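Scroll down for the structure; my scribbles are underneath it.
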Amino acid sequence: MSESGLLVLDKPPGITSHGVVTRVRRLLGTRRVGHAGTLDPMATGVLVIGIGRGTRLLGHLTAHDKEYTATIRLGSSTVTDDREGEPLSHADPSRLAAVTDEQIRAEVARLTGPISQVPTAVSAVKVDGRRAHARVRAGEDVQLAAREVVVERFDVTAIRRSSGTIDVDVHVACSAGTYVRALARDLGSGLGVGGHLTQLQRVRSGPWTIADAVAWDALDAADDPSGYVIDLGRAVHRAFPVITVDAPARDWLVNGRPPAQVIHDEVVDVTAVVGPDEDLVALIGPGDRGPAYRAVFQP
């Protein structure tokens, strides 16, 4: 079985995030594998994979903000808000030709900052216990509630025009739970011409960027693929604030005793505690009576 930790993968196109997990299980010889933040089959880029005890970090890592490059095609909309869905509408060519660069940039600005966004219907959001995408593919009419998200950056990097389409290249930095496909949909809707996503690459997930990610081909060809797994101590130093404790405090914490007895530092949100050998001991956060456990990691 591989060592516990995190694997930062550059997901190839044409495979689901669950499909990646299945491949990693087989490659590393362990069933305990999961991922932090779904990427659609057409999407590529940073997918953080948890291995062994590293799966216990995933719920906390999913909440990190993310960054993408994408191409939005104006002039048509689809069922899935991306190129893989059935077409819903096509704009009149004269209406599309009348859309100016200034109008595009103004609508992008309107979709920047704290916004209320309706997730794309073909998403992993659960509706009465079932994923929305499963309901849509079963022929159901799915209506999702809007949610508050933050689009920190929505920058237009290029606008390309051809017969019947306008392709807009963008760079997006956003909070967890933001759907770039929904941004494409809403950009096209706001301009009155429809829009969908034709390309998406996640270039950052929390502290990990595309430069940190290993290509699938390299992982698959490695004599020892577990060599790409980042151990838990190193991983939490990238992902969270860290407190280092001595051996007696480590032993106290791994037995689940009250952390406030040995942790006197101020903790914010999720804080990692590591021992003198940089081994991960626990995740803690603020509680009613001082620091409280989020998770304990036995040796």
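For region 26-36, the tally of residues that are part of a strand (DSSP E or B) and either of a type in the set (Val, Ile, Thr) or not assigned by TED's automatic domain parsing to the domain that holds ALA218 (or both) stands at 1.
A single member of VAL24, VAL33, VAL20 is crowded, with 17+ Cβ neighbours inside 10 Å, in contact with a strand residue (DSSP E or B) (Cβ under 9 Å, 6 or more places away or on another chain) and within 23 Å of GLN199 (Cβ to Cβ), and it is VAL20.
Within region 155-184, residues that are farther than 14 Å from ARG202 by Cα and in the same structural domain as SER116 (by TED's automatic domain parsing) reach partners that are β-branched (Val, Ile, Thr) and assigned to a helix (DSSP H, G or I) with beta carbons closer than 7 Å, at six or more positions or on different chains, in the pairs VAL156/ILE104; VAL156/VAL108; ILE159/ILE104; VAL168/ILE104. Residues in region 136-175 that are modelled with pLDDT under 95 and of a type in the set (A, V, I, L, M, F, W, C): VAL136, ALA138, VAL142, LEU144, ALA145, ALA146. With respect to the stated conditions, THR78 is crowded, with 18+ Cβ neighbours inside 10 Å and not aliphatic (A, V, I, L, M). Highlighted here are the helices (runs of 4 or more DSSP H) found entirely within region 199-276 that include at least 1 residues which are among the small types (Gly, Ala, Ser) and farther than 20 Å from ARG294 by Cβ: 216-221, 247-254.
Within 26 Å of ILE51 (Cβ to Cβ) and of a type in the set (Lys, Arg): does that describe ARG289? No; evaluated as a whole, the condition is false for this residue. Kindly indicate whether any position in region 203-220 is more than 25 Å from the chain's Cα centre (by Cα) and either at pLDDT 95 or above or farther than 30 Å from ARG23 by Cβ (or both). No, region 203-220 has no match at all.
With respect to PHE297, is the statement that it is surrounded by 15 or more Cβ atoms within 10 Å (Cβ to Cβ), within 19 Å of LEU6 (Cβ to Cβ) and in contact with a Lys or Arg (Cβ under 8 Å, 6 or more places away or on another chain) true? It is true that PHE297 is surrounded by 15 or more Cβ atoms within 10 Å (Cβ to Cβ), within 19 Å of LEU6 (Cβ to Cβ) and in contact with a Lys or Arg (Cβ under 8 Å, 6 or more places away or on another chain). When you scan region 47-65, do you find a residue that is assigned to a strand (DSSP E or B) and small (Gly, Ala, Ser), even just one? Looking for residues that are assigned to a strand (DSSP E or B) and small (Gly, Ala, Ser), one finds at least one in region 47-65, hence yes. Across region 45-68, the number of residues qualifying as of a type in the set (Val, Ile, Thr) and either surrounded by fewer than 22 Cβ atoms within 10 Å (Cβ to Cβ) or without any contact (Cβ under 8 Å) to a residue 24 or more places away in the chain (or both) comes to 2. Scanning region 213-260 for residues that are among the acidic types (Asp, Glu) and either surrounded by 15 or more Cβ atoms within 10 Å (Cβ to Cβ) or at positive phi (or both) yields a count of 2. Would a scan of region 197-212 turn up a residue that is farther than 25 Å from ASP269 by Cβ and crowded, with 23+ Cβ neighbours inside 10 Å? Checked region 197-212: at least one residue is farther than 25 Å from ASP269 by Cβ and crowded, with 23+ Cβ neighbours inside 10 Å. Within region 1-25, the set of residues being in a loop (DSSP other than H, G, I, E, B), under 12 Å from GLY54 (Cβ atoms) and touching a Pro at 6+ places or on another chain (Cβ under 9 Å) comprises SER2 only.
The values are calculated or read from the model by the stated rules, or taken from the named source; none is laboratory data. Note that this is a predicted model, so its numbers are computed, not measured. Every residue, glycine among them, receives a Cβ derived from its backbone with ideal geometry; neighbour counts consider all protein chains shown.
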